[in-house]
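Below is one structure, written out as structure tokens; the observations come after it.
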Amino acid sequence: MSHNNVIPISPPTTSQLSYTFKENQPEDKKLEDKKPDEKSKDTKMDVEEPKKMEEFIPNDISPLGFTRAKIGIIFIGLMLALFLAALDQTIVATALPSIVSDFQRLDLYSWVVIAYLLTSTAVIPLTGKFSDIFGRKILFMGCVVVFLVGSILCGVSPNMESLIVFRAFQGIGGGAIITLTLVIIGDIVTLRERGRWVGLMGMTFAVASVIGPVLGGVITSTIGWRWIFYINIPIGIVTLVVIQFALKLPTTNSGGAMAVLKGIDYFGILTVVIGIILILLGTSLGGSTFAWNSGPIITFYVFVDYF
């Protein structure tokens, strides 16, 4: 073969070798070789998107990131509602003689107090579960509204029987307020801070127990016993305004309404409520209205064992 027929092949240049090497690289290696401004454009959304989703950043005071000032404002609203619920357990005591005198039903006077205690105690074990399903804030505000409506109805009661029924309705809101106040405090403050705020709640109960009988006597002797219920209205409205604008909590339920309703144990709720009411009735009526060994008292406790 003649040397004239050989085609010379020139070696590849440095730029060609560099291009071939980059083409054979994996995809992630290519991303590393990009310029810094190009990489920042591609990863910009990945960095910023999680920040947009974060609403509650925990701190040393609150797991929801609330400041001490904001917790104080929320606490004022909660304590006003708690004060009303605790006050109505004692304020009626000194007004009972005037109520009995107006309605002439001495045989039913004790039920004005018992009806409130029955329903307020019966709803306590149920409120925590309902707050998990429906949310703390919406349930708390709803219970305050129930309490205020019950207060208005008690104030306009035409007879003793209706007053007892409306007191039972008012007790539903009062008992739920007491429970939800503790639950919300547990949500908005850390475990280390919780003792301080719960201690202030105990002080609220103590103040209501001392002021209640005195305030009830003063109001009854000056403007009439019906105003021991009407004074709840302005304080309750302030509570609703404070909670509406100051309390922001994460959503506790993401399912639909039908899924929520199906998740409620109605039979369990019924048995718990009936059992608590029977215990309270037996304890309240035993030794006063009926003897401890009488048929009605024994029946109450027998049915409690059944439930």
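One table, with the values for the structure above:
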read-out: Residues located in segment 217-240, provided they are part of a helix (DSSP H, G or I), farther than 29 Å from Leu139 by Cα and either among the aromatic types (Phe, Trp, Tyr) or touching a helix residue (DSSP H, G or I) at 6+ places or on another chain (Cβ under 6 Å) (or both); value: Gly217, Ile219, Thr220
read-out: Long-range neighbours under 6 Å by Cβ, at least six apart or interchain, first residue of a type in the set (Gly, Ala, Ser) within segment 280-303, second part of a helix (DSSP H, G or I); value: Gly282/Ile297; Gly282/Phe300; Gly282/Tyr301; Ser284/Ile114; Gly286/Ile297
read-out: Residue within segment 208-218 that is crowded, with 20+ Cβ neighbours inside 10 Å and of a type in the set (S, T, N, Q) present; value: no
read-out: Residues of segment 142-166 satisfying the condition of being part of a helix (DSSP H, G or I) and touching a residue at least 60 places away in the same chain (Cβ under 8 Å); value: Val144, Val145, Phe147, Leu148, Ser151, Ile152, Cys154, Gly155, Met160, Leu163
read-out: Test for Leu117: is it closer than 29 Å to Ile269 by Cβ and modelled with pLDDT of 85 or more; value: yes
read-out: Unmet criterion (only one of (1) out of contact with any Phe, Trp or Tyr (no Cβ under 9 Å at 6 or more places or on another chain); (2) in a helix (DSSP H, G or I); (3) of a type outside the set (A, V, I, L, M, F, W, C)) for Thr90; value: (2)
read-out: Residues of segment 86-144 classified as surrounded by fewer than 22 Cβ atoms within 10 Å (Cβ to Cβ), closer than 28 Å to Thr220 by Cβ and either charged (D, E, K, R) or assigned by TED's automatic domain parsing to the domain that holds Val272 (or both), total; value: 3
read-out: So Leu153, is it modelled with pLDDT of 90 or more and under 23 Å from Tyr266 (Cα atoms); value: no
read-out: Within segment 157-196, tally of residues that are over 18 Å from Gly72 (Cα atoms), in contact with a Ser or Thr (Cβ under 7 Å, 6 or more places away or on another chain) and not polar (S, T, N, Q); value: 8
read-out: Verdict on Ile172 being in the same structural domain as Phe229 (by TED's automatic domain parsing), among the β-branched types (Val, Ile, Thr) and under 15 Å from Ala115 (Cα atoms); value: yes
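The values are calculated or read from the model by the stated rules, or taken from the named source; none is laboratory data. Remember, predicted model here, so these are calculated numbers, not experimental data. In this analysis, Cβ positions are derived from the backbone assuming ideal geometry, glycine residues included, and neighbour counts consider all displayed protein chains.
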